[in-house]
Amino acid sequence: MKPASEERSREDFRGWARSILVHHASHAGVPGEVYQTSTIGALLDGVYDGDVTIDELLRHGDFGLGTFNRLDGEMLVLDGVCHHLRGDGSVRLASGDELTPFAAVTRFVPDTRVTITEPCDRRTLTQKIDEMIDSPNLLYAVRVTGTFDTVHTRTVMEQKPPYPPLTQATAGQQEAVVHDTAGTLAGYRTPAYEQGIAVAGYHLHFIDEARRHGGHALDLRMERGTIEISAASELHLSLPRTPQFLGARLSPADIDRQIRQAEGS
Ligand code: ZN
């Protein structure tokens, strides 16, 4: 029989190891900072291959959205877990060595929380969030958890080189309308002056509670739930040095129209 003290120290060690893991997971990223790789302008121009791994991304935050190399589906990061929502309707956990051409993550620390008890559409929901923020000039991570009458999502489809521009690639997107579902919207409210770096206004992705369905949220009707926002005043913009990015045309004259068309915003 082992001495009781040895058993106790073993338990102490296990507790310590667990706390380190939890500590690590909940402290990814810098508070108040959004880390973003590449720009939405690069995505519009067909720069669908990036050089940032999911492991690297998750070192900068536990919450966010994006896409995967070859534009292979939508990304949603929640509680430090990176979900890969693919065009064939499947949802799985992204592996650490997958690459992203565009993503933005932050450490989500809710500053403000509002409970929604009446049904509201996307427009009313975003108006409520507009009322929660201090200023339209900062970045806000937005998390909405609740029950929904309807969520209309799209998922971009894997592309093959030579890559078409995003407005063409999204013409072949998979769309789905899910009724009577519970889940989470995760994304950002971005200042208008950032159009082209990110998507100005609201950019939200959805995943259901069972983590089986989701995508880029085009439209929705929410029954009830909770809105939480996490403000950021630091933007860590990490630009790729890939030949595709170096040669991309990042500020076309009609960038606003292209983003609205591609993102349904
Ligand atoms: Zn999206």
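Taking into account only those residues within the stretch 171-197 that are more than 12 Å from the chain's Cα centre (by Cα) and buried (at least 22 other Cβ atoms within 10 Å of the Cβ), which is farthest from the ligand (Cβ to nearest atom)?
Selected residue: G183.
When each of I227, I259, I255 is tested for being within 16 Å of the ligand (Cβ to nearest atom) and either surrounded by fewer than 17 Cβ atoms within 10 Å (Cβ to Cβ) or among the aliphatic types (A, V, I, L, M) (or both), the lone residue that passes is I259. In the set (1) outside any strand (DSSP E or B); (2) surrounded by fewer than 19 Cβ atoms within 10 Å (Cβ to Cβ), the condition left unmet by F245 is number (2).
Does G183 satisfy the criteria of being out of contact with any Leu (no Cβ under 7 Å at 6 or more places or on another chain) and modelled with pLDDT under 95? Outline the logic, then answer.
On the way: out of contact with any Leu (no Cβ under 7 Å at 6 or more places or on another chain): yes; modelled with pLDDT under 95: no.
When the stated conditions are applied, G183 does not pass them.
Inspect all residues belonging to the stretch 243-252 and state whether any of them is within 17 Å of the chain's Cα centre (by Cα) and either within 16 Å of the ligand (Cβ to nearest atom) or modelled with pLDDT of 95 or more (or both). Looking through the stretch 243-252, none of the residues is within 17 Å of the chain's Cα centre (by Cα) and either within 16 Å of the ligand (Cβ to nearest atom) or modelled with pLDDT of 95 or more (or both).
When restricted to residues that are touching a Gly at 6+ places or on another chain (Cβ under 7 Å) and more than 26 Å from P164 (Cβ to Cβ), the stretch 55-77 contains 6. Taking the stretch 104-131, which residues are surrounded by 17 or more Cβ atoms within 10 Å (Cβ to Cβ) and over 20 Å from the mean Cα position of the chain (by Cα)? Listed by number, the residues that qualify are I116, C120. Within the stretch 47-93, restricting attention to residues that are surrounded by fewer than 18 Cβ atoms within 10 Å (Cβ to Cβ) and touching a Pro at 6+ places or on another chain (Cβ under 7 Å), the residue that is nearest to H205 (Cα to Cα) is N69.
For the stretch 21-126, the strands (runs of 3 or more DSSP E) that sit wholly inside it and include 2 or more residues that are in contact with a strand residue (DSSP E or B) (Cβ under 8 Å, 6 or more places away or on another chain), within 16 Å of the ligand (Cβ to nearest atom) and among the polar types (S, T, N, Q) are 33-37.
When P162 is tested against (1) over 17 Å from V47 (Cα atoms); (2) surrounded by fewer than 17 Cβ atoms within 10 Å (Cβ to Cβ); (3) more than 15 Å from the ligand (Cβ to nearest atom), exactly one condition is not met: (1).
The condition of being over 27 Å from D51 (Cα atoms), charged (D, E, K, R), in the same structural domain as I116 (by TED's automatic domain parsing) and in contact with a strand residue (DSSP E or B) (Cβ under 6 Å, 6 or more places away or on another chain) holds for D208.
Based on what the data block shows, is Y140 in contact (Cβ under 8 Å) with a residue 12 or more places away in the chain, under 20 Å from S230 (Cα atoms) and of a type in the set (F, W, Y)?
Details: in contact (Cβ under 8 Å) with a residue 12 or more places away in the chain: yes; under 20 Å from S230 (Cα atoms): yes; of a type in the set (F, W, Y): yes.
So Y140 passes the test.
The values are calculated or read from the model by the stated rules, or taken from the named source; none is laboratory data. Predicted model, so just to flag it, every value in this text is computed and none were measured. Cβ: placed from backbone, ideal geometry, glycine included. Neighbour counts: every protein chain shown.
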